[in-house]
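Worksheet for the structure shown next.
Derivation of every value follows stated rules applied to the coordinates shown; laboratory data play no part. Keep in mind it's a predicted model, so treat the numbers as computed, not measured. Virtual Cβ from ideal backbone geometry, glycine too; neighbours counted across all protein chains shown.
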Ligand code: MG
């Protein structure tokens, strides 16, 4: 048994709004298409994942997934599926899952159930029960439609490869097809039902993106991690704190701009994904970081968290020094950190304390900062 997966990503996505087709739009930190592509690619039973894109979408695909096998689809969804099936023909594929990129979140459980169902039938689809009351009517309410026995049909739809290829080849060119499963049924073949999943809901309209983000966020696990940093005061240096230049008679010295607050936050964010510390990512021995603005370190750490599907919820930082006074700069620093992280300022907390003239901060020899970051990540 060789299982392949076909992802149909050829739509122009006009209804979902935005400047790029919806399958290439960003959702939960990555392109919509990347979510189901990862789920299918990671499944141990699936040997090959082939993406069907529209003409001229090659660069968008490369930006979304890098180098990945694809074919160019046609004007209708049915043409695109056909192109994908023909590309897989005579390659030893025995079972195929046909999925729409507009359903980004694809639980492994559904993939398992579909592949298993093909042991007993040539086709299988995931379905959800209809919960709402269904009724006819345009301007005024008509009769109810009994919902017993009705299903909401999702994708992926799974098939014996030769059977669905034959169904596509036999389908009349001038007839519209609602989905692949109906094409197989036309051949007199059975399509069995497996439980679908609310996570598989389709993205069609702009508001669906927010709903999908919320569905995704509900599956995440909260994690917190801390960061700590110290830099030495030196006369003649600029003092950068949280990406803001603070007027003072001395500044912090270090290899980069020595922004002790941004370094502590960077380490906290790296900590949430177990990605080591700032020195591993930006070694002091590397001349590229001499005098560098530390905002780029923090942007990098935030990018790593988001690349893992993470959502940054909150950052709290405490600056430890006798002088300068942080209060007058608090809001500017909060706003700066928020901008770097792409978050509202309400998600950033900034505090300051002295150490009662004790220790190196108390003697004014240097400044310290500690931070804690709270993120939500996939399990
Ligand atoms: Mg540092």
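Quick notes on this one:
- Cα long-axis angle, helix 161-170 against the chain (0 to 90 degrees, to the nearest 10): 60 degrees
- Average silhouette area of region 120-256, convex hull of alpha-carbon atoms, in square nanometres: 19.2 nm²
- Calculated FRET value between residue 300 and residue 238, using beta carbons and R₀ = 22 Å, to 0.05: 0.50
- GNM flexibility winner over the chain from 163, 39, 139 (Cα, springs under 10 Å): 139
- Cα long-axis angle, helix 206-217 against the chain (0 to 90 degrees, to the nearest 10): 70 degrees
- Highest-first arrangement of 221-228, 372-379, where packing means the average Cβ count within 10 Å: 372-379, 221-228
- Rounded Å value of the spacing that divides the Cα centres of region 75-116 and region 156-181: 11 Å
- Computed FRET value (nearest 0.05) for residue 147 with residue 72, which takes r as the C-beta separation and R₀ as 41 Å: 0.55
- Descending semi-axes in Å of the chain, equivalent ellipsoid built from Cα gyration tensor: 54, 22, 17
- Antiparallel bridges, percent of DSSP beta bridges restricted to region 3-217 (to nearest 5): 40 percent
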